[in-house]
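S.K.: Next up is a structure, given as structure tokens.
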Amino acid sequence: MSTLGLGMVPAPLAQLPWKILLLVLAVGCFGLVVLYSAAGGSLYPWAFSQGVRFFVFFGMAIVLSRVPEGFWAHATFPMYAVILLMLLGVEALGAVAGGSQRWLDLGIIRLQPSELMKPVIVLTMARFYEILPASEIRKFGALWPGAVLIGLPAALVMLQPDLGTALMITGGGVAVMFLAGIPLRLFIGGGLALAAAVPLVVNFVLHDYQRNRVLVFLDPESDPLGTGYHISQSKIAIGSGGIFGKGFLNGTQSHLDYLPEGHTDFALATMMEEWGLMGGLFIILAFGCLIGWGIGVSMRAKSRFGRLTAAGLSATIFFYTAINMGMVMGLAPVVGIPLPLISFGGTAQMTFMICFGILMSIDRESRRKQRW
């Protein structure tokens, strides 16, 4: 038993990183307030269901924090294989919604395997570079297996089609490769090869709507009432909020339906219209503290697997927030990446909590070994 505050609290609870848990709880509850406002001051259809999922996944993250780090290391390749088979199953049997085939309908729930691949690709790459001999890390043989491990799920996700998730999977995997010590010259060579392939990808791989999104990002005014409408209305909503916002429930762009997807991908714009720059800074600082904590977990980790996994998961959370914020402010193409804990939807929330739970698991293992 361990003492916490005025009462006796079980040691497993007392050992949890309560400061970061309370921060996640605060951001999640703020997200519910945003969704309540987006529905015009109603718990339905978004805030109530989002709240139920949030507290379920929050509890799941606490449970995951009790899983030993060694389990993640030994289970990662089987998990990768299972999710890769699930992605193949999506291509053959997946449910179609919104013109995309991304889900497996299991009756009780509709599962999106590509979301599970975001944390699992980080675990897989970390495990691969943990078992790779140090003498091999600067050779080409350290690069191509990692590229295959990343490329297979990314290609399957692109077929769904889901450009944003494919970029997230690629980004998380490549971040671990870089942190593992792959020579910069190999990255430069790979970058040049990708740059040379961009015209082919744009013309022959991307779907028409994805290609239009990239072109509109480069010139938002080229189609202000079509593909560029989302970005234009998002900028109007953010700009009209000013420093302190219009006030809770007083937003007009979202309430009058000028802002498309104001409860999902563009929930940040809905929030900043009512809460202004101050609300935006709160979100940025909160996620900044969370990512900084994750980097600290990486630095404290005692194993190579733990260090690479914690850093890779922190990078995944960073990509989530940076891409969504850039997208909403017109600094990145619209690729359908939600803002975890703020945007409506269970998949991004689940992925975030899995990342958070594994980070707490690695942190607990590091503290336990430090006490020894």
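The values are calculated or read from the model by the stated rules, or taken from the named source; none is laboratory data. Here the structure is a predicted model, which is why all the values come from computation and not from measurement. Here the Cβ positions follow ideal geometry from the backbone for every residue, glycine too, while neighbour counts run over all protein chains shown. Ligands, DNA and RNA are excluded from the accessible area calculation, which covers all protein heavy atoms including side chains. Shrake-Rupley method; radii C 1.70, N 1.55, O 1.52, S 1.80 Å.
S.K.: Residues in region 144-164 that are part of a loop (DSSP other than H, G, I, E, B) and open to solvent by less than 30 Å² (accessible area, probe 1.4 Å): how many? If you could, list the steps in order and put the result at the bottom.
M.R.: Taking region 144-164 first, the residues part of a loop (DSSP other than H, G, I, E, B) are 159-162.
Remaining after also requiring open to solvent by less than 30 Å² (accessible area, probe 1.4 Å): 160-162.
Of the residues in that region, 3 qualify.
S.K.: Looking at TRP275, TRP293, which one is under 17 Å from TYR36 (Cα atoms), hydrophobic (A, V, I, L, M, F, W, C) and over 15 Å from the mean Cα position of the chain (by Cα)? Steps first, answer last, please.
M.R.: On the way: TRP293 fails: under 17 Å from TYR36 (Cα atoms).
Selected residue: TRP275, the only one of TRP275, TRP293 that is under 17 Å from TYR36 (Cα atoms), hydrophobic (A, V, I, L, M, F, W, C) and over 15 Å from the mean Cα position of the chain (by Cα).
S.K.: I've got another one for you. Can you tell me which of (1) open to solvent by 20 Å² or more (accessible area, probe 1.4 Å); (2) part of a helix (DSSP H, G or I) is the one PHE344 doesn't meet?
M.R.: Single failed check for PHE344: (2).
S.K.: Limited to region 46-83, what total is found for residues that are outside any helix (DSSP H, G or I) and open to solvent by 80 Å² or more (accessible area, probe 1.4 Å)?
M.R.: Pass one, region 46-83, residues outside any helix (DSSP H, G or I): 46, 65-68.
With the extra rule that they be open to solvent by 80 Å² or more (accessible area, probe 1.4 Å), the set shrinks to 66.
Residues that pass the stated criteria total 1.
S.K.: Can you work out which of the residues in region 338-365 that are of a type in the set (Ser, Thr, Tyr) and modelled with pLDDT of 90 or more is farthest from the chain's Cα centre (by Cα)? Write out each step before concluding.
M.R.: If we filter region 338-365 for residues that are of a type in the set (Ser, Thr, Tyr), which is where we start, we get 343, 347, 351, 361.
Right, trim to modelled with pLDDT of 90 or more and you get 343, 351, 361.
Values: SER343: 12, THR351: 7, SER361: 18 Å.
Selected residue: SER361.
S.K.: Among the listed residues GLY296, GLY280, which satisfies the condition of being more than 24 Å from TRP46 (Cα to Cα) and part of a helix (DSSP H, G or I)?
M.R.: Details: GLY280 fails: more than 24 Å from TRP46 (Cα to Cα).
Within the list GLY296, GLY280, the selection yields GLY296.
S.K.: Consider region 299-337. How many of its residues are assigned to a loop (DSSP other than H, G, I, E, B), at pLDDT 90 or above and within 15 Å of the chain's Cα centre (by Cα)?
M.R.: The total comes to 0.
S.K.: Could you list, in sequence order, all residues of region 310-325 that are small (Gly, Ala, Ser), open to solvent by less than 10 Å² (accessible area, probe 1.4 Å) and farther than 17 Å from MET360 by Cβ? Please lay out each step first, then the result.
M.R.: Here is the first cut: in region 310-325, the ones small (Gly, Ala, Ser) are 310-312, 314-315, 322.
Next, from what is left, pick out any that are open to solvent by less than 10 Å² (accessible area, probe 1.4 Å): 310, 312, 314.
Listed by number, the list is empty, since nothing qualifies.
S.K.: Would you mind telling me which numbered condition in (1) modelled with pLDDT of 90 or more; (2) over 22 Å from MET168 (Cβ atoms); (3) in contact with a Leu (Cβ under 8 Å, 6 or more places away or on another chain); (4) not small (Gly, Ala, Ser) VAL67 fails?
M.R.: The failed condition is (3).
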